[in-house]
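What follows is a single structure, written as structure tokens, with notes after it.
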Amino acid sequence: MRPFTLNYVLPRTGPTAVTPYRFDESLQLNVLPDGRLAVSDPDLLLAAGTTTSTAGSQTHFDD
């Protein structure tokens with residue numbers, strides 16, 4: 001049985017988004033599958049609004 005309060009405390013899972021770029025540890029930048037920097041693709045920036053990395057605390061101790 002699920003406690004009533006958990007219906008409001010836990011976030012509902014939303015749709016999973018697939019990012020068309022990955023974080024390159026050696027460059028410390030997001031890159032596209034063809035090797036270009038993600039910030040160099042204006043269509044991607046318009047669609048995504050940002051190319052913020054999810055690496056965060058993996059690369060910076062103070063995040």
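Every read-out reported here was derived from the displayed coordinates using simple, explicitly stated rules and does not represent laboratory data. All figures in this text were calculated on a predicted structure; none of them were measured in a lab. Every residue, glycine among them, receives a Cβ derived from its backbone with ideal geometry; neighbour counts consider all protein chains shown.
Key figures
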{"item": "Placed amide H near residue 24: partners under 5 Å, 5+ positions off or other chain", "result": "29, 30, 31"}
{"item": "Environment charge at residue 21 (Cβ cut-off 13 Å; Lys +1, Arg +1, Asp -1, Glu -1)", "result": "-2"}
